[in-house]
Amino acid sequence: MFENIMLAFQGIWGHKMRSFLTMLGIIIGIAAIITIVSTIKGTNEQIKENLIGAGNNVVTVSLTQDGASGVIEYSPLPDGVKVIDEDTRKELEKLDGVEAVSLYRSRSWAEEVFYANTSFTGGVFGVDRNYLDVNDYSVNYGRGFLESDFTESKKVALVDANTASSLFEGKNPIGKTIEIKGEPFTVVGVVSKTNASAPVINSIEDYYMYANTSSGSIFIPDSCWPIVYRYDEPQTVAVKAVSTDKMTYAGNNVASSLNDTNVSNDTFKYEAYDLLKQAADLQSLSEATNTQLLWIAGISLLVGGIGVMNIMLVSVTERTREIGLKIAIGARQKRILWQFLTEAAVLTSLGGILGVMCGVGLAMLLSQVMGTAVAISVPACLIAVVFSMAIGIVFGLVPAVKAAKLNPIEALRRE
Amino acid sequence: MILQMKDICKDYPMGKSVTSVLKNVNLQVNEGDYMAIMGPSGSGKTTLMNLIGCLDMPTSGSYFLGDRDITKCTANQLADVRNQEIGFVFQSFHLLPKLNALDNVALPLLYAGVKKEERRERARQALCTVGLEDRVSYRPDQLSGGQCQRVAIARAIVAHPKLLLADEPTGALDSVSGAQVMDLFSKLHEEGATVIMITHDINIAKHAKEIRYIRDGVLSEGDLNEQGS
């Protein structure tokens with residue numbers, strides 16, 4: 001086998017130009033596939049990152065009615081659903097896959113929020129003591145929440161950087177008073193995400209997808225929530241999972257635990273908002289278009305394979321005398337067959353390796369020039385090389401069989 | 001007895017009719033024989049050589065090489081017979097142009113599954129026997145015709161075959177190197193090799209101890225050389 005490979009390299013090296021041109025079909029096909037796969041993977045990871053937030057691993061669990069969320073969000077806690085108290089929260093933190101749990105109530109699009117005459121667009125969140133930690137917020141200016149803010153229901157608020165710039169237009173917001181539904185709150189600090197991964201916006205669709213997260217947020221102690229919104233509204237649970245892969249698992253654990261302990265009404269149910277699933281949905285959308293590209297690249301591989309077959313047939317004809325002699329001095333048919341199969345496989349494998357290198361280079365160039373997200377997949381590269389080797393074996397088969405079946409008498413007579 | 005052919009016939013279909021190239025050929029070769037088979041072109045001597053060399057199968061008749069019934073061998077068995085029991089020397093050498101002399105000579109041993117070190121050692125010895133120990137790493141295009149043919153002879157003897165089969169071994173050589181090659185065959189014969197040589201040249205055939213003539217597919221019985229002289 002090793003001897004065959006050496007022989008194959010000698011043969012390829014002996015016809016550098018021809019070998020390269022033959023490989024070119026494979027190189028182009030593999031390069032195209034690697035580029036496309038890298039782009040798909042890059043887009044997928046970008047979607048996942050944008051939705052989930054790198055390293056944050058927070059999944060939300062919220063109450064749903066008949067499977068739909070939102071309907072009951074802004075109403076009083078329905079019959080048969082208990083408030084999640086501190087003891088329950090601590091129990092939830094002990095569940096498998098869960099690192100930390102925080103409770104909050106929210107208005108995603110809060111109305112009647114003003115600073116002076118400026119109206120605020122964004123969300124208001126009534127949060128517990130753990131919220132900032134769980135969601136990876138850190139205080140940039142001013143201070144965070146104090147224990148007394150919660151116990152004494154102090155009307156203080158934290159704003160995020162978006163709010164700070166949109167509502168206060170660059171002025172220092174600390175100490176300023178904002179009105180939420182007529183109740184005055186004093187801004188005591190500005191917070192921002194510690195591991196902020198700003199969503200990458202490539203298109204208008206992306207913009208709408210992520211518009212939510214780039215509008216402002218105002219945080220107030222959850223004990224103040226009933227003052228503003230009057231009801232004990234259903235709480236949303238922010239669950240920080242131990243790892244990104246455990247997010248769905250941790251979210252489902254928390255939801256089912258809550259359904260057991262806090263819900264006694266069949267129409268209501270806590271459900272984990274499955275970001276991973278949503279990411280997968282979006283990913284399959286982007287993959288569908290790229291799969292068509294993969295087919296086209298596959299056709300170029302087919303053409304490359306036919307080129308290999310053609311050149312191998314020429315090579316067999318050229319080396320008729322050599323083959324004839326080898327058969328005459330006792331080479332078995334199988335050995336001749338393998339010699340040519342190996343040569344074809346080495347040729348296309350070389351093409352595959354060069355193609356992977358070109359593809360990786362092209363993908364990186366694309367990400368530089370066009371700004372598309374690119375992620376190189378090592379398994380994809382390995383598969384590409386193995387696949388190009390397989391192309392060599394498949395398309396080398398006909399020439400190799402032809403060589404092995406040569407009649408030595410006629411082959412030796414050929415000039 | 002190394003080789004025994006009985007009533008060997010070889011027919012080739014030519015369109016609707018059949019051409020008989022060999023007609024009831026009987027041939028016996030004993031160990032240590034040095035035989036020349038002579039005949040004009042078209043006499044069937046090449047066909048006979050292909051049959052002796054197990055490159056082709058007779059239409060009818062029996063052929064034993066040693067104890068082996070060649071007519072009942074599979075393709076793989078025939079390959080092994082050619083590899084281990086027959087050494088071929090061709091008119092046009094048939095050396096592989098990209099291999100050096102040593103690798104060309106070692107080639108049959110590769111197919112015999114001999115390990116690399118031993119292959120090289122035995123190939124070196126064979127090149128010694130033909131007097132080319134100083135041309136081991138030369139490629140065929142760096143050797144003269146006579147040297148090429150001696151490399152080819154080294155390749156033929158490297159596997160210690162029962163039978164050396166030479167087809168017009170001097171046909172492509174000038175008279176000086178032709179004579180060298182014929183001396184080499186005589187030397188190998190004296191050392192015990194069994195040689196069959198196919199030629200149309202009486203001066204070459206005379207080197208052999210026994211000459212058989214073939215004409216129109218019929219091989220003469222007995223040794224005409226001795227009868228003639």
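The values are calculated or read from the model by the stated rules, or taken from the named source; none is laboratory data. No experiment lies behind these values; they were computed from the predicted model shown. Here the Cβ positions follow ideal geometry from the backbone for every residue, glycine too, while neighbour counts run over all protein chains shown.
Out of all the residues in the stretch A:331-342, is one or more without any contact (Cβ under 8 Å) to a residue 24 or more places away in the chain and more than 12 Å from chain B (Cβ to nearest Cβ)? Within the stretch A:331-342, not a single residue is without any contact (Cβ under 8 Å) to a residue 24 or more places away in the chain and more than 12 Å from chain B (Cβ to nearest Cβ).
Number of residues in the stretch A:112-137 that are over 26 Å from the mean Cα position of the chain (by Cα) and touching a residue at least 60 places away in the same chain (Cβ under 8 Å) equals 13. Of A:411, A:331, A:380, A:403, all but one fail to be outside any helix (DSSP H, G or I), buried (at least 16 other Cβ atoms within 10 Å of the Cβ), among the hydrophobic types (A, V, I, L, M, F, W, C) and out of contact with any Pro (no Cβ under 6 Å at 6 or more places or on another chain); the exception is A:331. Considering the stretch B:155-179, and only residues there that are of a type in the set (S, T, N, Q) and surrounded by fewer than 21 Cβ atoms within 10 Å (Cβ to Cβ), the residue that is farthest from the other protein chains (Cβ to nearest Cβ) turns out to be B:175. Would you please name the residue that is surrounded by the most Cβ atoms within 10 Å (Cβ to Cβ), looking only at residues in the stretch B:72-107 that are within 10 Å of chain A (Cβ to nearest Cβ) and under 17 Å from residue A:2 (Cα atoms)? Residue satisfying both the conditions and the ranking: B:107. Restricting B:49, B:57 to residues that are within 14 Å of chain A (Cβ to nearest Cβ), closer than 23 Å to residue B:194 by Cα, surrounded by fewer than 19 Cβ atoms within 10 Å (Cβ to Cβ) and modelled with pLDDT under 95 narrows the list to B:57. Is one or more of the residues making up the stretch B:112-135 surrounded by 17 or more Cβ atoms within 10 Å (Cβ to Cβ), closer than 15 Å to residue A:322 by Cα and either of a type in the set (Lys, Arg) or modelled with pLDDT under 95 (or both)? Checking the stretch B:112-135: not a single residue is surrounded by 17 or more Cβ atoms within 10 Å (Cβ to Cβ), closer than 15 Å to residue A:322 by Cα and either of a type in the set (Lys, Arg) or modelled with pLDDT under 95 (or both). Out of the stretch B:51-90, which residues are β-branched (Val, Ile, Thr) and within 16 Å of the chain's Cα centre (by Cα)? Scanning the stretch B:51-90 gives B:52, B:81, B:86, B:89. When residue A:295 is tested against the conditions (1) crowded, with 18+ Cβ neighbours inside 10 Å; (2) more than 22 Å from residue A:236 (Cβ to Cβ), the lone failure is (1). Inside the stretch A:217-270, can you point out the residues that are part of a loop (DSSP other than H, G, I, E, B), surrounded by fewer than 20 Cβ atoms within 10 Å (Cβ to Cβ) and among the charged types (D, E, K, R)? Hits for the stretch A:217-270 are A:230, A:232, A:266.
Looking for something at pLDDT 80 or above, over 25 Å from residue A:85 (Cβ atoms) and in contact with a Leu (Cβ under 7 Å, 6 or more places away or on another chain) - is there at least one such residue anywhere in the stretch A:191-201? Scanning the stretch A:191-201, I find at least one residue that is at pLDDT 80 or above, over 25 Å from residue A:85 (Cβ atoms) and in contact with a Leu (Cβ under 7 Å, 6 or more places away or on another chain), so the answer is yes. When the stretch B:136-146 is limited to residues that are touching a Lys or Arg at 6+ places or on another chain (Cβ under 8 Å) and touching a residue at least 40 places away in the same chain (Cβ under 8 Å), the one that is surrounded by the fewest Cβ atoms within 10 Å (Cβ to Cβ) turns out to be B:139.
Answer yes or no: is there a residue in the stretch B:23-43 that is within 14 Å of chain A (Cβ to nearest Cβ) and either within 15 Å of the chain's Cα centre (by Cα) or not in a loop (DSSP other than H, G, I, E, B) (or both). No; the residues of the stretch B:23-43 include none that is within 14 Å of chain A (Cβ to nearest Cβ) and either within 15 Å of the chain's Cα centre (by Cα) or not in a loop (DSSP other than H, G, I, E, B) (or both).
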